Amino acid sequence: MTSRLDVRGVTTSFGGVHAVSNVSFTLGAGEQLSIIGPNGSGKTTLLDGIAGRVPFDDGMVLLDGVQLSGTPEHHARRGIARTFQRTQIFPSLTLADHLLVALRARHGSPRLWRDLLRVTTRTSGEREAIATCLGHVGLAGKEDVIVGTLGLGTCRMVELARALVTAPSVLLLDECSSGLDGDEASLLVDVVLETSARTGMSVVAIEHDLSVVAAFGGEVLVLVNGVLLGQGHLDEVLANPEVASAYLGARP
Ligand SMILES: Nc1ncnc2c1ncn2[C@@H]1O[C@H](COP(=O)(O)OP(=O)(O)O)[C@@H](O)[C@H]1O
Ligand SMILES: [Mg+2]
């Protein structure tokens, strides 16, 4: 059976630094995968490559059996959505504006740049998609709230909503729980898992908080110095002495 996401031998170097070395994995529809590893181990670079933001030097990524190539916009139109390690929001725009720009980027609308200047109105279909998505993330009726007035927990939820409004088939999360308290992190994980169960969306989550990794519940990849050091369920990978040594600083 064709995998939803099939990452084959991807490699990226920056100058002399091998950020990602020959990493391969597959992910089925509706499945979750977490990526853990120390800072600087290549997690964000791997995600950026899958999102089309940084080209891989070698290897390939297939979505439903078809190779992904080109720009982040091309990957978005194919159904890849992502959030960022540092939230990338526009403080003066409303929640609805954030979602509208993502919706139109997914559908390749030529009005995108005018949207940023706020001179176009939303169609009824767009209004409905935005309202439905805000309802799914617990922000129903907040269309006109200015994002700059919100706390980090809600901003991370807005970023998640901006990804989900495009109805992605693969969601890439880069440390989505970073800076959140336990309740905010669980809410975020619940929304992601509920969406995945409802739509069949697959999830790749870079995560430093092992309780969040456990909550996602899928397979775990351990990346150290750009190399895949282990793969399996969380308790299995943590029981691997090589992983414990590299990741937790424990002596084997
Ligand atoms: N744009 C870049 N230019 C040069 N080096 C980079 C760039 N992005 C990442 N790196 C390097 O690649 C390695 C992996 O970084 P990164 O993917 O951000 O790791 P992680 O997300 O696991 O913390 C690090 O050594 C980092 O310094
Ligand atoms: Mg990172």
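The numbers here are math on the coordinates, done by the rules we state, and not lab data. Remember, it's a predicted structure, so these values are computed and weren't measured experimentally. Glycine also receives a Cβ, built like all others from the backbone with ideal geometry; neighbour counts cover every protein chain displayed.
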- Item | 37 °C / 0.692 mPa s Stokes-Einstein diffusion coefficient of the chain, Kirkwood radius on C-alpha pairs, µm²/s | 176 µm²/s
- Message: Give me a comma-separated list of calculated 3J(HN,Hα) values for the range 166-171, in order, Karplus coefficients 6.51, -1.76, 1.60 applied at θ = phi - 60°, integers in Hz, x for any Gly or Pro.
- Response: 7, 6, x, 8, 10, 10
- Item | Fluctuation leader among F90, F14, F216 - the chain, Gaussian network, Cα springs under 10 angstrom | F14
- What relative contact order, as a whole-number percentage, does the chain give when Cα pairs under 8 Å and 6 or more residues apart are counted? 27 percent
- Summing -39500 (n - 2.57) over every DSSP H run of at least 4 in the chain, dividing by its residue total and rounding to the nearest 500, the 222 nm mean residue ellipticity is -11000 deg cm²/dmol
- The size of the Cβ-based charge dipole (Lys, Arg +1; Asp, Glu -1) of the range 5-248 about the Cα centre, to the nearest 20 debye, is 1080 debye
- Note on the structure: In whole µm²/s, the translational diffusion coefficient that Stokes-Einstein assigns to the range 1-113, given a Kirkwood hydrodynamic radius over C-alpha pairs, 25 °C and 0.890 mPa s, equals 158 µm²/s
- Query: Along the charge dipole of the chain, Cβ charges K/R +1 and D/E -1, which of T166, G37, N225 sits furthest on the positive end?
  - Reply: T166
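Among DSSP bridges having both ends in the chain, what percentage is antiparallel? Round to the nearest 5. The partial results should precede the final answer.
Numbers: 20 of 36 bridges.
The antiparallel fraction comes to roughly 55 percent.
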- Can you tell me the Rg and the Dmax, both Å, for the Cα atoms in the range 69-217? 14.7, 44
- Work out Dmax and Rg for the range 160-252 from the C-alpha atoms and quote the Rg first, both in angstrom. 14.3, 45
